[in-house]
Amino acid sequence: MKSIAVFCGANPGFQSYFAEQATLLGRTLAQRGIRVVYGGGSIGLMGVLADAVLAENGAITGVITHQLNDLELGHPGVQNMIVVETMSERRDLLIKGTDGVITMPGGYGSMDEHFEALTLAQLRQYPKPVGLLNVQGYYDPLLQMLENMVEHGFLKPDNRHLCLDAPTVDELIDKMSVYEYKALTKWH
């Protein structure tokens with residue numbers, strides 16, 4: 001893997017372990033020579049992630065909207081910053097050309113980006129690993145919801161497995177490194 005899109009919150013969360021994991025993720029990706037593509041922010045977990053990558057002299061690309069950048073939320077240390085008009089453009093550029101997606105804890109934006117990547121994977125348009133970093137069980141309710149979707153016939157089991165998850169950075173990156181995309185043979 002040469003580049004990974006990381007989706008994460010513009011807030012730090014209430015517990016310090018979220019920021020600790022963002023730091024660890026940024027440091028680990030930089031040390032492994034993997035370019036980070038992220039939302040371009042300087043605040044919350046986005047800022048923590050970017051700071052960690054930069055501290056390791058890692059490669060990082062930010063993608064931010066004019067609106068957010070005008071609010072001075074863009075990270076001043078990220079030299080490769082792409083500024084776009086809409087959130088849709090941002091979301092598309094975040095994963096374009098990457099070798100995988102990691103979603104850390106976050107809110108609506110992170111979920112929007114995560115499910116966009118999963119939808120593209122389901123439609124065979126993004127045959128790359130899409131993973132949740134399930135810090136301290138943050139995504140347990142979401143993972144249960146995915147199982148509920150399968151149980152009620154709204155998500156095929158093969159498509160359920162498009163969403164990888166792990167509680168630690170190394171475990172998730174290891175899963176992503178050996179991931180083999182398996183497209184569904186039937187749509188119905």
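The values are calculated or read from the model by the stated rules, or taken from the named source; none is laboratory data. Every value quoted in this text rests on a predicted model; they were computed, and no experiment measured them. For neighbour counting, all protein chains shown are included, and Cβ atoms are generated from backbone atoms with ideal geometry for every residue, glycine included.
Given the conditions (1) within 11 Å of the chain's Cα centre (by Cα); (2) farther than 21 Å from residue 21 by Cβ; (3) not in a helix (DSSP H, G or I), which single one is not true for residue 102?
Unmet condition: (2).
Out of curiosity, is residue 162 in contact with a strand residue (DSSP E or B) (Cβ under 9 Å, 6 or more places away or on another chain) and surrounded by 13 or more Cβ atoms within 10 Å (Cβ to Cβ)?
On the way: in contact with a strand residue (DSSP E or B) (Cβ under 9 Å, 6 or more places away or on another chain): yes; surrounded by 13 or more Cβ atoms within 10 Å (Cβ to Cβ): yes.
Spelling it out, residue 162 is indeed in contact with a strand residue (DSSP E or B) (Cβ under 9 Å, 6 or more places away or on another chain) and surrounded by 13 or more Cβ atoms within 10 Å (Cβ to Cβ).
Among the residues of the stretch 140-186, which ones are in contact with a Ser or Thr (Cβ under 7 Å, 6 or more places away or on another chain) and free of Cβ contacts under 8 Å to residues at least 60 places away in the same chain?
Across the stretch 140-186, there are no qualifying residues.
Among the residues of the stretch 134-146, is any of a type in the set (Asp, Glu) and under 15 Å from the mean Cα position of the chain (by Cα)? Step through it out loud before you land on a result.
Here is the first cut: in the stretch 134-146, the ones of a type in the set (Asp, Glu) are 140.
Adding the requirement that they be under 15 Å from the mean Cα position of the chain (by Cα) leaves none.
The answer is no, given that none of the residues of the stretch 134-146 is of a type in the set (Asp, Glu) and under 15 Å from the mean Cα position of the chain (by Cα).
Being outside any helix (DSSP H, G or I) and hydroxyl-bearing (Ser, Thr, Tyr) is the filter; apply it to the stretch 140-184 and report the residue that is farthest from residue 24 (Cα to Cα).
From the stretch 140-184, those outside any helix (DSSP H, G or I) are 152-156, 161-168, 178-184; that's our starting set.
Retained after the next criterion (residues that are hydroxyl-bearing (Ser, Thr, Tyr)): 168, 179, 181.
Details: 168: 10, 179: 22, 181: 27 Å.
Among those residues, the one meeting the criterion is 181.
In the stretch 1-34, how many are on the phi < 0 side of the Ramachandran plot and either of a type in the set (Gly, Ala, Ser) or in a helix (DSSP H, G or I) (or both)?
Looking only at that region, the number is 20.
State yes or no: is residue 64 in contact (Cβ under 8 Å) with a residue 60 or more places away in the chain and in a strand (DSSP E or B)?
Details: in contact (Cβ under 8 Å) with a residue 60 or more places away in the chain: no; in a strand (DSSP E or B): yes.
No: the conditions fail for residue 64.
Report yes if some residue within the stretch 96-104 is over 26 Å from residue 139 (Cβ atoms), free of Cβ contacts under 8 Å to residues at least 12 places away in the same chain and surrounded by fewer than 20 Cβ atoms within 10 Å (Cβ to Cβ); otherwise report no.
No, the stretch 96-104 has no match at all.
Which residue, of 37, 83, 53, is more than 23 Å from residue 164 (Cβ to Cβ) and either outside any loop (DSSP other than H, G, I, E, B) or acidic (Asp, Glu) (or both)?
The match here is 83.
Just to be sure before I move on: is residue 113 crowded, with 20+ Cβ neighbours inside 10 Å and either at pLDDT 95 or above or under 20 Å from residue 36 (Cβ atoms) (or both) in the structure I sent?
Values: crowded, with 20+ Cβ neighbours inside 10 Å: yes; either at pLDDT 95 or above or under 20 Å from residue 36 (Cβ atoms) (or both): yes.
Yes: the conditions hold for residue 113.
Test of understanding: among 146, 164, which residue is modelled with pLDDT of 95 or more and touching a Phe, Trp or Tyr at 6+ places or on another chain (Cβ under 8 Å)? Working first, answer last.
Numbers: 146 fails: touching a Phe, Trp or Tyr at 6+ places or on another chain (Cβ under 8 Å).
It is 164.
Step by step: first the residues of the stretch 123-139, then only those that are in a helix (DSSP H, G or I) and touching a residue at least 60 places away in the same chain (Cβ under 8 Å), then the one that is surrounded by the fewest Cβ atoms within 10 Å (Cβ to Cβ). Which residue is that? Write out each step before concluding.
First, the residues of the stretch 123-139 that are in a helix (DSSP H, G or I): 135-137.
Going one step further and asking which of them are touching a residue at least 60 places away in the same chain (Cβ under 8 Å), we end up with 135-136.
Values: 135: 22, 136: 13.
By that ranking, first place goes to 136.
This table checks each residue for (1) in contact with a Phe, Trp or Tyr (Cβ under 9 Å, 6 or more places away or on another chain); (2) surrounded by fewer than 20 Cβ atoms within 10 Å (Cβ to Cβ); (3) not polar (S, T, N, Q).
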site	(1), (2), (3)
10	no, yes, yes
13	yes, no, yes
23	no, yes, no
33	no, yes, yes
41	no, no, yes
52	no, no, yes
